[in-house]
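Novice: One structure, pasted below without further comment.
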Amino acid sequence: MSDVATPHSTAGMGQKFLSNRNMVLTAATLAVLVLMCGVFATLTDRFLTVSNFQNVMRNAAPVIIASCGMTTVMIARGLDLSVGSVLAASSVIAGSLAVAGVPLYLAFLLAVLFGAAVGAVNGVIIAGLAVSPIIVTLGMLNIARGAAYLISPSAILVGLPSGWSFLGTAKVLGLPMPIVIAGIVVAVFYVMTSYTTFGKRIYAIGGNEEAARLSGINIKRTLLWLYVMCGMTAALAGVVLSSRVGSGDPNIGVGFELQVIAAIIIGGTSLSGGEGRILGTVIGALIIGVLANGLNLAGVEPFWQFVAQGLVLIVAIIVDRLVQDGVLKMRKGA
Amino acid sequence: MQHSEPVDPGLSPLLRATGLGKSFPGVQALSGVNFDLFAGEVHCLIGENGAGKSTLVKILAGVQEADAGTFEVNGKAMSFANPQDSQAAGVACIFQELAVVDGLSVSENILLGDEPGRFGFFDSKAADVLAQDLLDSIGFSELRADQPARDLSAAQRQAVMIAKALRQNARVIIMDEPTSPLEEAEVRKLFKVIDRLRAAGKGIIYVSHKMREIDELGDRITVFKDGHRVGTVTRGAATPEDLVRMMVGRKLDTLFPARDSQPGAPTLEVRGLSNPHIRNIDLTVRRNEILGIAGLVGSGRTEMLRAIFGADRVSSGTVTVENAPVPLNSIPAAIEAGIAMVPEERRSAGIVPVLSVADNTAIIWDQYVNRRAHDGPRSDAIQKIIEMLGVRTASVTQSISALSGGNQQKVVVGKWLLSQTRVLLLDEPTRGVDVGAKKEIYQIIHDLAEQGLAVVFVSSELPELLGLADRIVVMNGGEIVGGLSGDATEEQVIELSMLHAATPILTGEHP
């Protein structure tokens, strides 16, 4: 209660404190990223090149895109495990439609709308029936994966039109298309979470659902929208990824949801909701991307990458726990 | 003084509730209650735990729906079916658990749900100006609108909630025990805020257990007992002693068996037990003795039992059972020493719902008496307990969830009788059980004390406490504030637990 006696002394500091706290946390994650880059740069001289950075970013783009939707879900204290399967289903839906002669832009659009529909189903069940999001989206993980195989049993689709790879390989102003798309998605979600009324309400729902309810916020509708957006970003990630690999493939994205969740947790979004930053998530996705790329270039066996990724995730969760418990005080003077 | 109506009858009340009723399974929480509130008054509600004041508050807040009764706001009939209705009627609640979102700023909290801005964008400049005006108007200028809510004290959080109520154009502001997390200086400040609100023509419903506050603030005071309104008095028309007399006076039921034996040698001795919730607890409970613990909800009764049982960490103090020191902060050590606890939350902490009646009964036996379960002795032991306590169950293999609350509670007590229990800690053991089962549980507690156990019995129901206990200790603000003999009156207990205002202990950053 010592706060009471000190409001004057802290007022000046408290003024910009919200952004301060976020800036400190973001800077800390960024420092980890820079440190990792430093380590890999000393390990291999192939790491620190412009083309390799573009490579890392291009590979990270699907994770970044899907993480944006998922970050908002997790800020609202939800979870969506189905993103990897939605990504695969979206990939084969776009591919099958393209093979069947549907114009490409329409095929991509329908795939994204499919993602929205899956998200809507998730959202209706989770928000409407107050069911655990883990179980609902775990079920959806299986359903969407099954749907992907049903649509395209022969694994990889052939006979795709020539423009298929545009989203994955074209360049805009010298930047690879996946990076441009990820940038746009990040910008949209950043503005939404930081500057809109809807964004404030996401934090309120995750931080104190009862307070949000008593403030007259329609929690169910908000959650529904978040899951719809999460499904859409997962499907968009699927379109971008399959465009880059040049095919529709029901096998892609196995374990993708774990990469997404890892990126978000590493980026500082709290598992207990109410806290999280899109920019942190982007850094988290890049940390995972750099880790995979660097270990690869350093000649480490691919299986070790799983171990490394898992370790990073666990460390990030422990740090989250410590921050929540106030062990790592991000308080006055931070 | 039964029904004084002090305010000019020509003036129509801000809020009028007529014939309110609300029942829960087995309990009539509110019955035929009339209540009104005028602009510019502080109307205090008092009564014992469970007297009905919290139910009234929850109904007015739209958190619970009344079974019977009508509401008028400014002379117009209104519904109070949910929090939105109640908000639309101009009622705002400053609850004990404050609804502040840590991740948002002060202004974002105040304006949540009604944010300024266009096209969905949050106008943080406008929000800060609006919020700062509201904070200034209640005298909390030192709170800055763009400050994060995370670091606010309890008093500052209350200020945020009051500002939010004003933002919602609330005309009725309900405060439920608002001073319990506050320090003295903060209480003074809150009272100043209340004076401002009163002067601004708001109607304030103020629920408190603290007579001193009621005396100071209340323009009118309504006393509740057993779900009924006993009466409403104006400021100065009744002394605190008068009010206490209005709150008590229930008939003692003949549910309590007479005691034969005299307390023997000390079994449980607690000295200087302290942690963030309790302060310097000294307690001696003898063989054959039932010690009743009285006190309001939040007075530290449950926390004291949990500390003795090793469930909550203690910072200092000693516990001995029959002169042998008990290692602190360890439930297994407490159990080995013969301490048993029946927790307040039966469903979540007393029983294991998925297990059978037999497995629940033997849960202590299995771990502390005979780890290699021999079917013969084990089922004999279970059977003995079931019969001894009169647990009514179709079979011991049936799930315990199928049993009534009273029979579940018998199992929760009975599981301790299969180990070397010498001290039995009971936390509200009759909560949520029907009258018949209550009587049986009283008999069981009585019998166990007769057989030599030392029993510590926490209850919010004074009649059962006075009927059962040999001696009563009263807690307030985490401390023991007095002791009474078993033939004390309800007035004496209430006076100790309410009039004797100890400073509350504050814990953590967000009480």
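The values are calculated or read from the model by the stated rules, or taken from the named source; none is laboratory data. Computed from a predicted structure; not experimentally measured. Cβ atoms come from the backbone with ideal geometry, glycine included; neighbour counts cover every protein chain shown. Surface accessibility is based on the protein's heavy atoms, side chains included, excluding ligands, DNA and RNA. Shrake-Rupley method; radii C 1.70, N 1.55, O 1.52, S 1.80 Å.
Novice: What's the extension gain from A:Asn55 to A:Leu150 if we count 0.36 nm per residue and subtract their Cα-Cα distance?
Specialist: 31.0 nm
Novice: How large is log10 of I(q)/I(0) for region A:62-253 at q = 0.08, 0.15 Å⁻¹ when the intensity is taken from the Debye formula with one equal scatterer per alpha-carbon?
Specialist: For region A:62-253, the Cα-only Debye profile gives -0.26, -0.84.
Novice: Residue by residue, what Karplus-based ³J(HN,Hα) values in Hz, rounded to whole numbers, does region B:204-211 have, using 6.51, -1.76 and 1.60 with θ = phi - 60° and x for Gly and Pro?
Specialist: 3J(HN,Hα) across region B:204-211, in whole Hz: 10, 9, 10, 9, 7, 9, 9, 4.
Novice: Taking 0.36 nm per residue of sequence separation and subtracting the Cα-Cα distance, how much length would be gained by fully extending the chain between B:Asp487 and B:Asn82, in nm to one decimal?
Specialist: Taking 0.36 nm per residue and subtracting the Cα distance, the gain is 141.3 nm.
Novice: I need the peptides B:257-266, A:56-65, B:201-210, A:160-169 ranked by packing, meaning the mean over residues of other C-beta atoms within 10 angstrom, with the highest value on top.
Specialist: A:56-65, B:201-210, A:160-169, B:257-266
Novice: Leaving ligands, DNA and RNA out of it, report the carbon-plus-sulfur percent of the accessible area of the protein assembly as shown at a 1.4 Å probe.
Specialist: With neighbouring chains kept in place, the figure for the protein assembly as shown is 59 percent.
Novice: Remind me, relative contact order of chain B in percent, using alpha carbon pairs under 8 angstrom and six or more residues apart?
Specialist: Averaging sequence separation for qualifying contacts and normalising by length gives 15 percent for chain B.
Novice: With 25 Å as the cut-off, how large is the P(r) tail for chain A, expressed as percent of Cα-Cα pairs?
Specialist: 53 percent
Novice: Given the pairs B:Lys53/B:Lys189; A:Lys220/B:Lys125; B:Lys22/B:Lys202; A:Lys220/B:Lys164; A:Lys220/B:Lys202; B:Lys410/B:Lys438, which are separated by over 21 angstrom at their Cα positions? Please report the intermediate quantities before stating the final value.
Specialist: On the way: B:Lys53/B:Lys189 25 Å; A:Lys220/B:Lys125 29 Å; B:Lys22/B:Lys202 27 Å; A:Lys220/B:Lys164 23 Å; A:Lys220/B:Lys202 33 Å; B:Lys410/B:Lys438 10 Å.
Pairs exceeding 21 Å: B:Lys53/B:Lys189; A:Lys220/B:Lys125; B:Lys22/B:Lys202; A:Lys220/B:Lys164; A:Lys220/B:Lys202.
Novice: Under a 5 Å amide H to amide H cut-off, with H placed in plane at 1.01 Å, what residues pair with A:Asp249 once short-range neighbours are removed?
Specialist: Sorted by chain and number, the residues that satisfy this are A:Val92.
Novice: Along the charge dipole of the protein assembly as shown, pointing to its positive end and built from +1/-1 on Cβ of Lys, Arg, Asp and Glu, which listed residue (B:Ile382, A:Ala28, B:Val474) has its Cα farthest out?
Specialist: Sorting the options by dipole projection puts first A:Ala28.
Novice: Residues of region B:87-128 with accessible area at least 20 Å² lower in the all-protein-chain context than alone (1.4 Å probe)?
Specialist: In region B:87-128, residues shielded by partner chains: B:Gln87, B:Ala99, B:Val101, B:Gly103, B:Leu104, B:Glu108, B:Leu112, B:Gly113, B:Glu115, B:Gly120, B:Phe121, B:Phe122.
Novice: Could I ask something else about it? If you take every DSSP beta bridge fully contained in chain B, what fraction is antiparallel? Give it as a percent rounded to 5.
Specialist: 55 percent
Novice: How large is the charge dipole for region A:62-253, taken about the Cα centre, if only the Cβ atoms of Lys, Arg (+1) and Asp, Glu (-1) carry charge, to the nearest 20 debye? Numbers along the way, then the final one.
Specialist: On the way: 9 positive and 4 negative charges, 54 e Å.
With only Lys, Arg, Asp and Glu charged at Cβ, the dipole is about 260 debye.
Novice: Moving on to the next point. For the protein assembly as shown, what proportion of DSSP beta bridges, expressed in % and rounded to the nearest 5, is antiparallel?
Specialist: Expressed as a percentage, antiparallel bridges in the protein assembly as shown total about 55.
Novice: Work out, in µm²/s and without decimals, the Stokes-Einstein translational diffusion coefficient of chain B at 4 °C, 1.567 mPa s, Rh from Kirkwood over C-alpha pairs.
Specialist: Estimated diffusion coefficient is 52 µm²/s.
Novice: May I ask you to list, by number, the DSSP H helices of chain A whose Cα span along the axis is at least 30 Å and whose average Kyte-Doolittle hydropathy reaches -1.0 or more?
Specialist: A:17-43, A:50-75, A:219-245, A:302-325
Novice: A follow-up question, please. What residue among A:Ile126, A:Leu214, A:Ser243 has its Cα farthest toward the positive end of the dipole of region A:62-253, where the charges are +1 on Lys, Arg and -1 on Asp, Glu, each on the Cβ?
Specialist: Of A:Ile126, A:Leu214, A:Ser243, it is A:Leu214.
Novice: Given the options B:Pro325, B:Val352, B:Ala337, identify the residue whose Cα lies farthest towards the positive end of the charge dipole of region B:303-356 (+1 on Cβ of Lys, Arg; -1 on Cβ of Asp, Glu).
Specialist: B:Val352
Novice: Still on this structure: For the pairing of chain A with chain B, what total accessible surface becomes buried, with a 1.4 angstrom probe, in square angstrom to the nearest 100?
Specialist: Buried area (both sides, nearest 100 Å²): 3100 Å².
Novice: Per-residue Cβ counts within 10 Å, from other chains only, averaged over B:144-156: what number is that?
Specialist: Mean partner shielding for this stretch: 6.
Novice: Then there's this: Compute the relative contact order of region B:144-230 as a whole-number percentage, counting only Cα pairs closer than 8 Å that sit 6 or more residues apart in sequence.
Specialist: Computed over region B:144-230, the figure is 27 percent.
Novice: Quick one: Karplus J couplings for region B:268-278, per residue in order, coefficients 6.51, -1.76, 1.60, θ = phi - 60°, nearest Hz, x for Gly and Pro?
Specialist: Each residue of region B:268-278 in turn: 9, 10, 10, 10, x, 6, 9, 7, x, 9, 10 Hz.
Novice: Moving on to the next point. Sum up the charges of everything whose Cβ sits under 11 Å from the Cβ of B:Glu345, counting Lys and Arg as +1 and Asp and Glu as -1, but leave B:Glu345 out.
Specialist: 0
Novice: Next question, about the same structure. How many angstrom separate the Cα center of region B:429-454 from the Cα center of region A:235-267?
Specialist: 61 Å
Novice: GNM, chain A, Cα, under 10 Å: largest mean-square fluctuation among A:Glu257, A:Glu301, A:Glu209?
Specialist: Among A:Glu257, A:Glu301, A:Glu209, the largest GNM mean-square fluctuation belongs to A:Glu301.
Novice: B:Val342's amide H: which non-local residues (gap 5+, or another chain) put their own amide H closer than 5 Å, with H modeled 1.01 Å from N in plane and none for Pro or chain starts?
Specialist: Those qualifying (amide H under 5 Å, at least 5 residues apart or on another chain) are B:Leu425, B:Leu426, B:Asp427.
Novice: So with the 1.4 Å probe, I'd like the accessible area per residue for region A:62-253, rounded to whole Å².
Specialist: Result: 37 Å² per residue.
Novice: If you place +1 on the Cβ of every Lys and Arg and -1 on the Cβ of every Asp and Glu, how big does the dipole about the Cα centre of chain B come out, in debye to the nearest 20?
Specialist: 500 debye
Novice: Quick one: which residues, 5 or more positions from B:Ala294 or on another chain, have an amide H under 5 Å from its amide H? H modelled 1.01 Å from N in the peptide plane, none for Pro or chain starts.
Specialist: Placed amide hydrogens put B:Val473, B:Val474, B:Met475 under 5 Å from B:Ala294.
Novice: Sticking to Cα atoms, compute the Rg of the protein assembly as shown to one decimal and its Dmax as the biggest Cα-Cα distance, whole number, in Å.
Specialist: Cα radius of gyration and Dmax of the protein assembly as shown are 31.7, 97 Å respectively.
Novice: If you put +1 on each Lys and Arg Cβ and -1 on each Asp and Glu Cβ, how big is the dipole of the protein assembly as shown around its Cα centre, in Debye rounded to 20?
Specialist: 2080 debye
Novice: Would you look at the GNM of chain A, springs on alpha carbons closer than 10 Å, and say which of A:Ser51, A:Ser67, A:Ser96 moves the most?
Specialist: A:Ser51
Novice: Hydropathy at least -0.5 by Kyte-Doolittle, axial extent at least 15 angstrom from the Cα trace: which helices of chain B, defined as entire DSSP H runs, fit? Walk me through the numbers on the way to the answer.
Specialist: Details: long enough: B:124-137 (19 Å, 0.11); B:154-167 (20 Å, 0.25); B:184-199 (23 Å, -0.31); B:375-389 (21 Å, -0.28); B:435-450 (22 Å, -0.10).
Span-like helices in chain B: B:124-137, B:154-167, B:184-199, B:375-389, B:435-450.
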